[in-house]
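Working notes, structure below.
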Amino acid sequence: MPDVKFAYPKHINLANLPTPVRYLSRISSRYGVEIYIKQDEMTGTALSGNKVRKLEFVLAHALEQNADTVITCGGAQSNHCRATAIAAAMAGLDCCLLLRTPDPLNPPETGGNILLDKMAGAEIVWITPEEYKRRDEFFEKQSKILQSQGKKPYIIPEGASDALGAWGYIKAMQEIKNDIAGLPEDKQTAIIHATGSGGTAAGLILGAKLHKVNARIASINVCDDRDYFTNIISNICKKAINDFNLDIEFSAQKDIEIIDGYVGRGYALSRPEELSLICEMAKTEGIFLDPVYTGKAFYGMIKELEKDPKCFGSRIIFIHTGGIFGLFSKSQEFAALFK
Ligand SMILES: *Cc1c(COP(=O)(O)O)cnc(C)c1O
């Protein structure tokens, strides 16, 4: 990459890269716009999705600090926690997960991501939603417990969405730049993806500037609202610019585009129309979206296209950020659609 004038922080190789880009011909002709999918659900098998790109940088730092255990947090069916458990196993680290559940004494069954967490040997500490809001306290508490056992813990924030984790999608943008260069004709491109903890969006925004990729980046939020995400994405971008001395101009107002209005029933809660679209995509294109992130974002993108087929221009790259195991925790809800 001769045009790159910045140094990447250290990373370890965990993901299968580059991921493929596929043209969705039937969906594209249905909506009258070119829709490509960047298949980051193929970064691995159990280790699929976007989190591994961030963990390549974060775990390199944990190893550099001589940590032997990583601690992170998320919802019960967190893809980030599952990816961390598996990446830790690949890197020879132990893993402790703080998982959110309404009743820690009656935790959810060992299905979906939780099964993979346990298989990968992660220690699970269940905490309530109320405790989760004060997760920094619980990170400290768990660190102390591990230290008293002679371990050297390293804390990874929710979603690995911090200035270091953002490098995962700064680097992915280098890949996307090549992907775009390989597409027929030169067309204005919109990159669309689901946002949940802001790190992917921050990386894409910074990456587009650093790699000089002329693309619109639109993030569809799966929880909270536009103001919340503008704020967290902006904070991650500013911290990365500052920590890594990045020579770029950044304006939250100009650079962050949040498409709000598709949270639906709330985080990780599905509406039948979202689940129907997931099935429709599986049937029409053989693409399996997830109920928590990509299904909602794709649904939002389609709804926007139905209002105005040209609202994203003539070419879209939708980033499939993974999450397939979340489907298995919703099998009852899906079953109702097949009746
Ligand atoms: C975590 C996650 C996202 C959101 O990425 P953030 O960087 O947390 O905003 C999107 N899709 C899937 C499948 C995820 O697991």
Q: Please enumerate the residues belonging to the stretch 177-204 that are open to solvent by less than 10 Å² (accessible area, probe 1.4 Å) and more than 12 Å from the ligand (Cβ to nearest atom).
A: THR189, ALA190, ILE191
(Q) If I go through the stretch 207-217 residue by residue, how many of them are more than 13 Å from the ligand (Cβ to nearest atom) and either touching a residue at least 40 places away in the same chain (Cβ under 8 Å) or in a strand (DSSP E or B) (or both)? (A) 7
Q: Could you please find all residues in the stretch 23-42 being open to solvent by less than 10 Å² (accessible area, probe 1.4 Å), within 16 Å of the ligand (Cβ to nearest atom) and farther than 19 Å from SER78 by Cα?
A: ILE37, LYS38
Q: Inspect all residues belonging to the stretch 284-299 and state whether any of them is of a type in the set (Lys, Arg), out of contact with any strand residue (DSSP E or B) (no Cβ under 9 Å at 6 or more places or on another chain) and either away from the ligand (no atom under 14 Å from the Cβ) or assigned by TED's automatic domain parsing to the domain that holds THR189 (or both).
A: no
Q. Taking the stretch 295-318 as the search range and keeping residues that are touching an Asp or Glu at 6+ places or on another chain (Cβ under 8 Å) and within 13 Å of MET281 (Cα to Cα), which one is most open to solvent (accessible area, probe 1.4 Å)?
A. TYR299
Q: Count, please, the residues in the stretch 263-282 that happen to be open to solvent by 20 Å² or more (accessible area, probe 1.4 Å) and closer than 22 Å to GLY49 by Cβ.
A: 9
Q. Among THR72, THR45, THR19, which is the only one that is under 25 Å from LEU115 (Cβ atoms), without any contact (Cβ under 8 Å) to a residue 24 or more places away in the chain, within 16 Å of the ligand (Cβ to nearest atom) and among the hydroxyl-bearing types (Ser, Thr, Tyr)?
A. THR45
Q.
Condition first: outside any helix (DSSP H, G or I) and either surrounded by 19 or more Cβ atoms within 10 Å (Cβ to Cβ) or in contact with a helix residue (DSSP H, G or I) (Cβ under 8 Å, 6 or more places away or on another chain) (or both). Now tell me which residues in the stretch 109-136 satisfy that.
A. THR110, GLY111, GLY112, ALA120, GLY121, ALA122, ILE124, VAL125, ILE127
Q. Consider THR84 against the criteria (1) within 23 Å of LYS10 (Cβ to Cβ); (2) β-branched (Val, Ile, Thr); (3) open to solvent by 20 Å² or more (accessible area, probe 1.4 Å): it satisfies all of them except one. Which criterion is unmet?
A. (3)
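The values are calculated or read from the model by the stated rules, or taken from the named source; none is laboratory data. If you're wondering where the values come from, they're calculated on a predicted model, not measured in any experiment. Backbone-built Cβ (ideal geometry, glycine too); neighbour counts: all protein chains shown. Side chains included, ligands, DNA and RNA excluded: accessible areas come from the protein's heavy atoms. Shrake-Rupley method; radii C 1.70, N 1.55, O 1.52, S 1.80 Å.
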